1. Suppose we filter B:Ala209, B:Ala293 for residues that are in a loop (DSSP other than H, G, I, E, B), out of contact with any Gly (no Cβ under 6 Å at 6 or more places or on another chain) and at pLDDT 85 or above; which single one remains?
2. Scan the stretch B:10-22 residue by residue and report those that are over 20 Å from B:Val149 (Cα atoms), surrounded by fewer than 21 Cβ atoms within 10 Å (Cβ to Cβ) and under 23 Å from the mean Cα position of the chain (by Cα).
3. Show the residue pairs meeting these rules: Cβ distance below 7 Å; 6+ apart or different chains; first residue within the stretch B:220-249 and closer than 22 Å to B:Val199 by Cβ; second residue modelled with pLDDT under 75 and surrounded by fewer than 16 Cβ atoms within 10 Å (Cβ to Cβ).
4. Of everything in the stretch B:43-62 that's touching a residue at least 60 places away in the same chain (Cβ under 8 Å) and assigned to a loop (DSSP other than H, G, I, E, B), which residue is nearest to the other protein chains (Cβ to nearest Cβ)?
5. Restricting to the stretch A:129-166, give me the number of residues that are surrounded by fewer than 18 Cβ atoms within 10 Å (Cβ to Cβ), more than 24 Å from A:Leu188 (Cα to Cα) and not basic (Lys, Arg).
6. Considering only residues that are surrounded by fewer than 20 Cβ atoms within 10 Å (Cβ to Cβ), touching a residue at least 40 places away in the same chain (Cβ under 8 Å) and more than 10 Å from every other protein chain (Cβ to nearest Cβ), which ones fall in the stretch B:79-92?
7. Return the only residue of A:Ser107, A:Ser176 being free of Cβ contacts under 8 Å to residues at least 60 places away in the same chain and either under 22 Å from A:Pro53 (Cβ atoms) or crowded, with 24+ Cβ neighbours inside 10 Å (or both).
8. From the list B:Arg95, B:Arg106, which one is free of Cβ contacts under 8 Å to residues at least 24 places away in the same chain, in a helix (DSSP H, G or I) and within 10 Å of chain A (Cβ to nearest Cβ)?
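The values are calculated or read from the model by the stated rules, or taken from the named source; none is laboratory data. It should be emphasised that the depicted structure is a prediction, and the values quoted were computed from it without experimental measurement. Quick reminder, even Gly has a Cβ in these numbers, built from the backbone with ideal geometry, and neighbours come from all protein chains shown.
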Amino acid sequence: MLAIVLRTLIVSGAATALAVTVGVPIGYAIGRRRFRGRTPLLGAVNTGMGMPPVVVGLIVWLLLVRSGPFGDLGLIYTQTAMVIAQFLIATPIVVGFTAASIQALPSRLPDLLTVLGAGRLQTLWLLAREARLGVLAAVMAAFGAIVSEVGAAMIVGGNLERSTRVLTTAMVTETSRGEIERALGLGLVLLVLSFTVNLSLTILQQRSRS
Amino acid sequence: MALGVESLRVLRGGRLVLDVPSLELRERRTTAILGPNGSGKTTLLRVLAGLEPAGEGRVHLGGAAVAGPRDLAYVFQEIVFLRQSVRDNLGLGLRLRGVSREETWRRIEHAVALLGVAHLLDRRADRLSGGEARRVSLARALCLRARLVLLDEPLAGLDEQAYTQLVDELPQVLAAFDATTLLVSHRCDEALRLAEDLVVMIDGRVRAAGTTHDVVMNPRTSDVAKVLGYTVLAAGGRRVAVAAGGLQFGPGPLEFLMTVDGVVAVGDRREVTGRIDDTRVRAHAPAIGAGPAPGDRVVVSAGRVVDVV
């Protein structure tokens, strides 16, 4: 049980960290800049936020399966494959939340920072700090979405007992075996895990708000 | 230092929004810019601050090009703060400009004392009332000790009480800036009270510039007169600007027919109020003799009742 919990944390934690690293700068750029194709891009991001994990899992499986274009990498049914799939699910969420929080900042704020003497990087940093409530919300939403998804983890991870089984896929296995009590126990652990992570982030968020 | 603008032209979407062939603002004086909405006032300020590129032209401060944000302080029409304390907001510009901590604190202390906001230092700046926020915005600009100060309607959105209070204190604040100051306003009375010099802008062009007294007392065209709050009336086949006081500007001492609706004795003369066409005006008449009474039609010229019809 502990191994499954740890594996869940490692896979979903790594996917969230990667999604934040990639998604926050993209969200910042979409929220702050006006460029050709911005609206369709935002539309694509918003669509991606509601993308069914099982569809993402299927696409990643097709890419990583032995006969697929990246089959030689031997990543299918590994934790790396699960991180890739969950990263693809989480990134649009991070981008969407970050873009919205940057857009919600006062429109004159960048001008204010410029006339106060901030350089380009200082402006970027100060704006990101101002939008931190939204960015933390993005982290919570992304982690919540991928820690609780089962479709992609099952398809690209294969639910292998000692290497790729996570809390959600373990629940499916136990339910199919008729071990309902065990499945409920795993569900409770998943809830507690999700609540603990989100509570920590919420405390951080509210502290920065006040 | 004096601010000079030469051959400044700004195009937006192919449309000329600012066209200033030449403008000189005198050193360490406050110049007000008056104009209707969309006349290019804010665009001019943004170009001077480097927030918008000028298609053509040159801006110089004391003969040298403006060196960017370090030369200036800008108070925006919209209230904008970081979600931090007032103290942190006041200190941010100084931190970005590399001012020492001791000097920063000295300047903040001076600015908050002058603007009467010392008690707000530990409050969140983005949660201040409108009046408090306006004061803190001015204090933030004051801390910077810039050579050029740009104020874009710094009293906008205040209720009458807060406005009256702050406008009374503003001359002292402007003196403390000790800088070449540009004040965008849409109120003529504000400009008269606060600025030594006045520029009137219409459709992106400077239509009048000079000392505030000269521009206000001699509006050379009817559209400038309208911006300055005069009513433009036709008299003797010509258009003449008439102030609410009954003073008239424009060519020659023309006479208007006024219908009197009130007469009040003030010292050695009578204040006569009434209407010329649909415009409410006030004129004065000597206290001797019977004088006009409500309902009379009188002839007014240059603010004086010259005859009762």
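1. Sole residue among the options that is in a loop (DSSP other than H, G, I, E, B), out of contact with any Gly (no Cβ under 6 Å at 6 or more places or on another chain) and at pLDDT 85 or above: B:Ala293.
2. B:Val17, B:Asp19, B:Pro21
3. B:Ser222/B:Arg239; B:Val232/B:Arg239
4. Within the stretch B:43-62, the subset touching a residue at least 60 places away in the same chain (Cβ under 8 Å) is B:43-45, B:48-49, B:61-62.
Narrowing the set further to residues that are assigned to a loop (DSSP other than H, G, I, E, B) leaves B:49, B:62.
Details: B:Ala49: 6, B:Gly62: 19 Å.
Out of the qualifying residues, it is B:Ala49.
5. The total comes to 1.
6. The one that is surrounded by fewer than 20 Cβ atoms within 10 Å (Cβ to Cβ), touching a residue at least 40 places away in the same chain (Cβ under 8 Å) and more than 10 Å from every other protein chain (Cβ to nearest Cβ): B:Ser85.
7. That would be A:Ser176, the only listed residue that is free of Cβ contacts under 8 Å to residues at least 60 places away in the same chain and either under 22 Å from A:Pro53 (Cβ atoms) or crowded, with 24+ Cβ neighbours inside 10 Å (or both).
8. Only one candidate qualifies: B:Arg95.
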